[in-house]
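K.L.:
Shown below is the structure under consideration.
The values are calculated or read from the model by the stated rules, or taken from the named source; none is laboratory data. Because the structure is a prediction, the values reported are computed rather than measured. Here the Cβ positions follow ideal geometry from the backbone for every residue, glycine too, while neighbour counts run over all protein chains shown.
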Amino acid sequence: MNKIVKIIMSTLVGAGCFSAGLYYATLEFEETLDNVMGEYEVISDKVNTFVDVTNPETVQAYTTELRRILDDIKFLHTLIETGQLADEKLDEYLASQQSNVDVLKESLTSITTDVSSMLDSSHTHIHGMVEELEGNVKSLLSENVDKQKQTIQDLNTQLTELHIKLNEVNKVIDKIKNSKMSKYLK
């Protein structure tokens, strides 16, 4: 019986060691498997990102978007240049009108000086002439003011028409950009 107990004890100890070794090996295997799976997920994400970036459709979509942005930049550049030209023309026009106002001021200054000297020499005679000159100056001023108002109104009308035409051009450009034919224009 002693022999049987020894065999049973040996068997139990052997089975216990085998179970402990199997349990330890299973834990190590699971830990190694978790590490490998984590590395696999990182590599898989990187490969998926690379596939997305190298996809010809994605590259073509980005290229098309960049071209559209460049076209918009060129269009805005053209609008800015056009606005600068219009601004320069308006400045030139106002500068030319300023010379007319300066000439008118000089004329008024000259007339006033002449009238003052005439008043000093002959007050009665000059008084009639002053009234006549004042009437002429007022009519000249009134005519020039009316002309200037009309010129400014005409310029304002032209600017409004230019703005309307520019809006129409923008609408046509937007229609062309949004049409099926826009892909042939690039």
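K.L.:
With respect to D87, determine if the residue is in a helix (DSSP H, G or I), touching a helix residue (DSSP H, G or I) at 6+ places or on another chain (Cβ under 9 Å) and closer than 30 Å to K177 by Cβ.
P.N.:
no
K.L.:
Now a separate question. Scanning for something in the same structural domain as N170 (by TED's automatic domain parsing), under 30 Å from N156 (Cβ atoms) and either surrounded by 10 or more Cβ atoms within 10 Å (Cβ to Cβ) or at pLDDT 80 or above (or both), does the stretch 112-121 turn up at least one residue?
P.N.:
no
K.L.:
Hey, another quick one. Yes or no: T26 surrounded by 10 or more Cβ atoms within 10 Å (Cβ to Cβ) and within 29 Å of the chain's Cα centre (by Cα)?
P.N.:
no
K.L.:
Given (1) at pLDDT below 75; (2) assigned to a helix (DSSP H, G or I), identify the lone condition not met by K186.
P.N.:
If we test K186 against (1) at pLDDT below 75; (2) assigned to a helix (DSSP H, G or I), just (2) comes out false.
Residue-wise test of (1) modelled with pLDDT of 80 or more; (2) in a helix (DSSP H, G or I); (3) surrounded by 11 or more Cβ atoms within 10 Å (Cβ to Cβ).
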site: V130; (1), (2), (3): no, yes, yes
site: K147; (1), (2), (3): yes, yes, yes
site: T157; (1), (2), (3): yes, yes, no
site: L166; (1), (2), (3): yes, yes, yes
site: V172; (1), (2), (3): yes, yes, no
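K.L.:
If the requirement is being among the hydrophobic types (A, V, I, L, M, F, W, C), surrounded by 10 or more Cβ atoms within 10 Å (Cβ to Cβ) and modelled with pLDDT of 80 or more, which of these qualifies: L85, L90, L66, L104?
P.N.:
The conditions single out L66.
K.L.:
Here's something else I'd like to know. Mind checking whether some residue in the stretch 24-41 is free of Cβ contacts under 8 Å to residues at least 24 places away in the same chain, within 30 Å of N178 (Cα to Cα) and hydroxyl-bearing (S, T, Y)?
P.N.:
Filtering the stretch 24-41 for residues free of Cβ contacts under 8 Å to residues at least 24 places away in the same chain gives 24-41.
Next, from what is left, pick out any that are within 30 Å of N178 (Cα to Cα): none.
Checked the stretch 24-41: no residue is free of Cβ contacts under 8 Å to residues at least 24 places away in the same chain, within 30 Å of N178 (Cα to Cα) and hydroxyl-bearing (S, T, Y).
K.L.:
If you check V5 against the conditions, is it part of a helix (DSSP H, G or I), out of contact with any strand residue (DSSP E or B) (no Cβ under 8 Å at 6 or more places or on another chain) and surrounded by 10 or more Cβ atoms within 10 Å (Cβ to Cβ)?
P.N.:
no
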